[in-house]
Each structure stands twice: as structure tokens, then as C-alpha cells.
Amino acid sequence: MHLGNWQLDTIRGGDFWIDGGVMFGVVPKSLWSPLVPPDDQNRVHCANHCVLARDGQHTVLIDTGYGGPWAPLDRRFYSMEEGHPLLTSLSEQGIDPADIDTVVFSHLHFDHVGGASHNGPNQHVALACPTARHVVGRLEWQDATSQSNELRTAYHPRQLAPLQACPRIELVDDDDEIVPGLRARITGGHTRGHMALLFESQGQTAVYLGDICPSTAHLRTMWHTAYDLYPLDTRRRKPAWLGEASDQGWWILWNHDPGTAVSRVVRDPKREFIAVDGRPRL
Ligand SMILES: [Zn+2]
């Protein structure tokens, strides 16, 4: 899709299936399951819509999916795709990863950062976008690399090591401009340093909300994933983002929604917000 000077395209980071209780936290199954029917293992379908943004000056990738390869047990547990979905998707669209100058992470959970690296020749782990700046929220980077016991299972050292070795890692704070027309906005909620990405051009705006609102099934303001470490922040900040998107007519770029990569939202007297003008790809 075009957004002013930006050309925005969906890059697939790999679909997966994850426990419905993980995706909807304290929301009773009787409420979420009619919207998102689970499989026979109580798992729900998650897409991984990474965003490639080009404006003639910059080529930016938002999030990288889960990458690969994964052990057979992990692949079965999440029904992950084989290979490296991000690199496959870039190749299918004729995009050379070396042409991507900026990679931005909403946060550093496995399904967002795993595709940033791959096994090169001789099993040497290399960055998937070898020449790009890699941009992370400062608080997210502190937490992910803290090795604190309570965050141990949230961040995979194997995925972070190539970034820790990367001389082009850049840490940003709230409202920092990443490139002209793309701004970092720290949301917190899902993780302490989780960030949304705000694209603005020629009076049009699109926001990538990451996992603070991962799908159109999470539009209810009290609904969020069990992974959210600061749920009250999600409950405060998500409605503010959705309200502004609704009132200003912004596009929302959905991260994990299997049927909708982009939509607008409008206020609804019964359901708070509903998605309109949805499309399966950008
Ligand atoms: Zn996620």
C-alpha cells in the first residue's frame, strides 16, 4: 500500500500456532474462542506480518519473524514453518536483504527477533540483513540482555548474540525519529520497552502496534496476551492508541492477525472498537 511517500509491503515472518490461553490471558475461553476458533490442541493461528517500508531514500524492515532453523520439538509445538520464512519471503518478492538499511524491532521476543540472523556457510551465525542498522528500544535492550532470572525464558541468548556482536545496533527512546517519517513510540505493556512504530507522510499515518494489540481479536480494551508483563499499562495505553487511530483515521498495521494485515478502526458503542477496511496484505 502507499502511505504518502512510503511504499509499505507485507513480508512473511512465518505463521505459527500458539496456545489460546497464552494469546488471550485472563479472558475466558468462552469469549475468545468464537472469534478465533482453536485447533484440537487449543492453539490459535498467528501470522507474522513484518513490514517492509521504502520511500526511495530508505528501506526499512519492521520485525523479522521467528527465523530458523528450529529444533523439531519446537517446530511441532508451534507448528512453525521450515527454513527461514523471512529470507524466503524477501527472496520471493525479489528483495535483496543487503538492500535493507534499517531493521527495527518492536521488542525482542522469539517471534520478532529470530529472523534477524541465520546460519550462514559452515553454520556460522550471520545477520540476515548484513549491512543494516538494527534499532531497538533502550529499555527493551536492557531487559533482554540483563540475563535476569525472571526474564530468562522470554529472551533467547542464541537470537540476541548476533545483535550483541553487531556494531550497528542503535538504542532509541520514546519519540525518536528512526528515519524521516518513521518514529519510535514506547508503549510498554507487553514488555517494559515494547514500542510501536509510527509512519507519517503527506498527512497520512499508519501505526504498527506490535504485541500491545497483536490482532483484530484483541481490540477489546481489557483483552491482552498472558505474556504482557505490565498488563495495566496495556489496558491504559492500548485504548489511547486505538482511540487516536480511530479519531484521526490512521491505518493500523497488524502483526499477528492471520486474516488482516492492515485496517482502520472505528469506535463502536457495544464492542468499543471494530476493524473496518481490512486487507489480508499491505
Ligand atoms: Zn509476538
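Any read-out appearing in this document is the output of simple, stated calculations on the displayed coordinates, not a laboratory observation. None of these values were measured; they are calculated from a predicted model. Quick reminder, even Gly has a Cβ in these numbers, built from the backbone with ideal geometry, and neighbours come from all protein chains shown.
Longest stretch of the chain clear of exposed loop sites (trypsin sites (Lys or Arg not before Pro), DSSP loop, at most 13 other Cβ atoms within 10 Å, sites excluded): 1-151.
Couplings 3J(HN,Hα) of the range 25-30, computed from phi: x, 7, 5, x, 4, 5 Hz, in residue order, whole Hz [Karplus 6.51 cos²θ - 1.76 cosθ + 1.60, θ = phi - 60°; x for Gly and Pro]. Look at the dipole of the chain built from charges on Cβ: of Leu139, Phe24, Leu182, the Cα furthest out on the positive end belongs to Phe24.
If R0 equals 25 Å, the separation of the Cβ atoms of Ala126 and Gln57 corresponds to a calculated FRET efficiency of about 0.45. Which shape class, rounded, prolate or oblate, goes with the range 123-282 when its Cα gyration tensor gives a ≥ b ≥ c as root eigenvalues, a/c under 1.5 marks rounded, and past that a/b bigger than b/c marks prolate? Since a/c reaches 1.5 and a/b is larger than b/c, the shape of the range 123-282 is classed as prolate. Can you work out the FRET efficiency for the pair Arg75 and Leu151, with r the C-beta to C-beta distance and R0 = 25 Å, to the nearest 0.05? About 0.55, to the nearest 0.05. Annotation: amide H-H contacts under 5 Å for Val125 (H modelled 1.01 Å from N, sequence separation of 5 or more, or interchain): Gly120. Spatially, the range 179-220 and the range 1-76 are offset by 15 Å when compared through their Cα centroids. Charged side chains reduced to their Cβ positions (Lys and Arg at +1, Asp and Glu at -1) give the chain a dipole of some 560 debye around its Cα centre. Sorting Cys46, Cys129, Cys166 from the fewest to the most surrounding beta carbons within 10 angstrom yields Cys166, Cys46, Cys129. Simple rule: put +1 on each Lys or Arg Cβ and -1 on each Asp or Glu Cβ in the chain, find the dipole, and look at Gln159, Leu61, Pro239; the Cα lying farthest toward the positive end is Pro239.
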